[in-house]
Amino acid sequence: MKPVIVRCLWLIAVVFGLSAGVAVAEPARLALVINQVAYQTLTPLPDTDAEARQVGNALKQVGFDVTAVRDASLPVLQASLKDFRRKLAASPGAIGFIYYTGHGMADPTDEKGDNYLLSIDADVKVVADLPASGVRLSELVNQMSRTDAVAIVIVIDACRNTPSLGKAGTKGLVAVASEPNTLVAYSTDLGDIASVGVYAPVLSREILTPGRTIAQVFERVQMDVSKQTARKQRPWSNNRIYDEICLVSCEAAPTVVQAANSPVRQLTEAQQCDARAATEYDADRPAGSGFAQIFDMTHTPGAAQEAIAACSQALKLTPGDRHLTFNLGQGYEAAGDYKQARKLYEQAATKGSAAAMYRMGVLYYLGLGVTASPAQQMRWWERSAAAGNPEAMVNLGIAYSVGEGVPMDAVKARGWLEAAAATGDVDAQAMLDGMPK
């Protein structure tokens, strides 16, 4: 019988290496996002796609060059980590960030405590199967710490419940030994279970917040997650970081105070709407404007209401604008008013918004404000993809590869993923790399 594995805890190991006296004004920023979904013998993890995309987007916004790997077998997982280590070693003074989301297991026989990050072809029935099923976390931390990177952040979303591999009642991962200039943090108490969709939005937001050192980022995450969950989920960390290193700027963002009668505003109404409700994949979004995500707005208290207010005001000044109409729909969807979201998406789609067509497909896929319909889902995604939307192309590729709402068709799956990859979509390229030739 295969082990029962329940998705639970985040582990973050932040490992700092000395830069051998080399001063770098603007260090290279390299990130590796590993997203394990389609496990062959273990429980699949469909929720990891949204979390990986969210964290990856936050890293891109603060200047990281992000490499995405999806559904990695053990050889691919090992090779991806080795290649990333070599890239770091070739960029002295760089800041590295590894994000792994998937299954992980603690080794109950290791007296010091260690964990394995499992490949999608992992087949674990007894402890002896672990070395052939994944990467040992302590070795990963040790290898990365030997590069000349000034900072390496390793985020592991891989704590599982594994009663068949050890002590009765053992849950999740165990703490790995930290060293000077390291920070090891968990999304909840060691051995406990963390809820999906709670830690990721807070972490992503704090990654983007100026004026925080890395240590302060995780202190803030710890407090905010604990507060949002009424202390049912209590992040924990072991901090041995002594340097002031920031992911954005170590200077806090200035507070702008403006007279009530001043005609000048820091942002226009449309820009305020974009900052709260636009999406990265909307081709109508003006270059350089801010953007948010449905996932962020849904899980951040008050965010949906702020988006609705800002975009409603922007639409009053530019009635009928399809981009702002779509943004307002995003706000209502995040607030749970799916009927109003659908109405606005349809208005924007009628005017040619590919992003609105994509979200219409999502509503029909999830059955939000409408009766779930694979036929309607595919119709809207095909319209959106034909209009150039890479998100729709990726979803079509996944649908055809697994037979979700349509018969499985490897040729069509590859065709849509190649179309998305041609637009620069890193997730699509990662899926293509994992497909048989």
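The values are calculated or read from the model by the stated rules, or taken from the named source; none is laboratory data. Given the structure is predicted, the values throughout are model-derived calculations rather than measurements. All Cβ positions, even for glycine, are placed from backbone atoms using ideal geometry, and neighbour counts span all protein chains on display.
Things worth noting here:
- Scan of the range 177-208 for residues that are within 23 Å of ARG53 (Cα to Cα), modelled with pLDDT under 80 and polar (S, T, N, Q), ordered by number: SER187, THR188, SER195
- The conditions of being under 25 Å from ALA200 (Cβ atoms), aliphatic (A, V, I, L, M) and in the same structural domain as LEU173 (by TED's automatic domain parsing) are met by LEU59.
- Filtered by the rule that a residue be surrounded by 18 or more Cβ atoms within 10 Å (Cβ to Cβ) and assigned to a helix (DSSP H, G or I), the range 220-240 gives VAL221, GLN222, ASP224, VAL225, GLN228.
- Among the conditions (1) within 21 Å of the chain's Cα centre (by Cα); (2) surrounded by 24 or more Cβ atoms within 10 Å (Cβ to Cβ), the only one that GLN377 does not satisfy is (1).
- The residue of the range 349-407 that is modelled with the lowest pLDDT, among those that are of a type in the set (D, E, K, R) and over 20 Å from THR279 (Cα atoms), is GLU404.
- Residues located in the range 66-93, provided they are over 20 Å from the mean Cα position of the chain (by Cα) and either farther than 19 Å from LEU42 by Cβ or not assigned by TED's automatic domain parsing to the domain that holds LEU140 (or both): ALA79, LYS82, ASP83, ARG85, ARG86, LYS87, LEU88, ALA89, ALA90, SER91, PRO92, GLY93
- Flag for VAL15 being more than 12 Å from the chain's Cα centre (by Cα), surrounded by 21 or more Cβ atoms within 10 Å (Cβ to Cβ) and either modelled with pLDDT of 80 or more or of a type in the set (A, V, I, L, M) (or both): yes
- Enumeration of residues in the range 100-116 that are free of Cβ contacts under 8 Å to residues at least 60 places away in the same chain and not in a loop (DSSP other than H, G, I, E, B): TYR116
- In the range 32-45, the residues that are surrounded by fewer than 21 Cβ atoms within 10 Å (Cβ to Cβ), of a type outside the set (Val, Ile, Thr) and under 10 Å from GLY102 (Cα atoms): ALA38, TYR39, PRO44
- The set of residues in the range 51-99 being among the aliphatic types (A, V, I, L, M) and not in a helix (DSSP H, G or I) consists of VAL62, VAL66, ALA68, VAL69, ALA72, ALA90, ALA94, ILE95, ILE98.
- Test: GLN216 is within 15 Å of THR300 (Cα to Cα) and surrounded by fewer than 20 Cβ atoms within 10 Å (Cβ to Cβ): no
- Under the condition of being polar (S, T, N, Q), within 20 Å of the chain's Cα centre (by Cα) and farther than 20 Å from ALA348 by Cα, the residues counted in the range 384-408 number 1.
- Scanning the range 67-93 for residues that are of a type outside the set (Gly, Ala, Ser) and within 24 Å of ALA50 (Cα to Cα) returns THR67, VAL69, ARG70, ASP71, LEU74, VAL76, LEU77, GLN78, LEU81, PHE84.
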